[in-house]
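Asker: Got a structure here, written out as structure tokens. Questions coming.
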Ligand SMILES: C[S@@+](CC[C@H](N)C(=O)[O-])C[C@H]1O[C@@H](n2cnc3c(N)ncnc32)[C@H](O)[C@@H]1O
């Protein structure tokens, strides 16, 4: 039975001007922001050095020495808004998501994990921090931005970790990319796919095509953990909807929002089924889907 957490009746994901002022701090989000926010996608300025000292409590107290050895990307390569310039928040969300992948998608040290739209490897940092051997069987980070992948390759490649840059088009992140689509995975080879804030920056046609590629790539028991903006009673797909969410959306595909039924039709069209849906608790009010093969 899929587990569905639905939006409150009549609720629309709108922010008051006051809430928007406080953007980047999702605890102000009207629904239930149990999460530290992630993908406001503001361009970083400068570099946030990694100091190896933090207020992460247990996680980093245990791994204090280890943390010094886990390189963190400079601020300009961190996707996800101002709060990610803070090393603690960056690592904390990464470790938190590794734990959520364990709980909701069955991630374990033997897993083959595809981090699709990995940025500079935030989740890879979480894997290194969380697991005893600092690795899993196969972590594969894939992204369209060469600078970010170069950084990740240079700093995070290790046994069990690899990164691939795919030159495919995305109007926001790689507008001059090729029209082809790939997620750089062979059919049936991915146990866990993580796509955090990737469909929140994607056109409708690409979304349908990539969901189908995800459906093919998952192993029999595989799960995909994806976030996106979905609402009821809105257009099927909309770019930068005015007055919606915590930010003033700027530029191509800053925020892409789907009508819930439409998104779930695309999911079904991709040979996938909804295992779990949690409305509005992810970064900037995105919803979480856990998907499995239909
Ligand atoms: C908002 S960032 C999220 C980064 C990362 N998932 C995280 O949570 O830290 C979205 C990422 O998706 C990547 N992306 C967009 N379209 C893509 C595609 N077709 N294939 C691979 N990566 C893509 C972007 O380059 C960007 O790094």
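Read the figures in this text as sums done on the coordinates, not as results from a lab. Remember, predicted model here, so these are calculated numbers, not experimental data. Glycine also receives a Cβ, built like all others from the backbone with ideal geometry; neighbour counts cover every protein chain displayed.
Asker: Using the count of nearby Cβ atoms within 10 Å as a rough guide to exposure, how do 278, 192 rank from fewest to most?
Answerer: Values: 278 20, 192 25.
The fewest-first ordering by Cβ neighbours comes to 278, 192.
Asker: Between residue 96 and residue 182, what length in nm is gained on full extension when 0.36 nm per residue of separation is reduced by their alpha carbon distance?
Answerer: Between residue 96 and residue 182, full extension yields 28.2 nm more.
Asker: Could I ask something else about it? Could you list 181, 92, 122, 128 so that the one with the fewest beta carbons within 10 Å of its beta carbon is first and the one with the most is last? Please report the intermediate quantities before stating the final value.
Answerer: Details: 181 15, 92 20, 122 25, 128 28.
Least crowded to most crowded, the residues run 181, 92, 122, 128.
Asker: Now, a different point. Taking other Cβ within 10 Å of each residue's Cβ, how do 197, 219 sort, fewest first?
Answerer: By the 10 Å Cβ count, ascending, the order reads 219, 197.
Asker: If you stretched the chain out fully between residue 205 and residue 154, how much longer would it get, using 0.36 nm times the residue separation minus the C-alpha to C-alpha distance?
Answerer: Full extension from residue 205 to residue 154 adds 15.0 nm.
Asker: For the range 129-225, just say rounded, prolate or oblate: build the C-alpha gyration tensor, square-root its eigenvalues into a ≥ b ≥ c, call rounded for a/c under 1.5, and beyond that prolate if a/b exceeds b/c, oblate if not.
Answerer: oblate
Asker: Find how much the distance from residue 265 to residue 169 grows on full extension, using 0.36 nm per residue of separation minus their present alpha carbon separation; answer in nm with one decimal. Don't skip to the answer; put the middle values down first.
Answerer: Values: separation 96, 0.36 × 96 = 34.56 nm, distance 2.34 nm.
Separation in residues times 0.36 nm, less the Cα-Cα distance, equals 32.2 nm.
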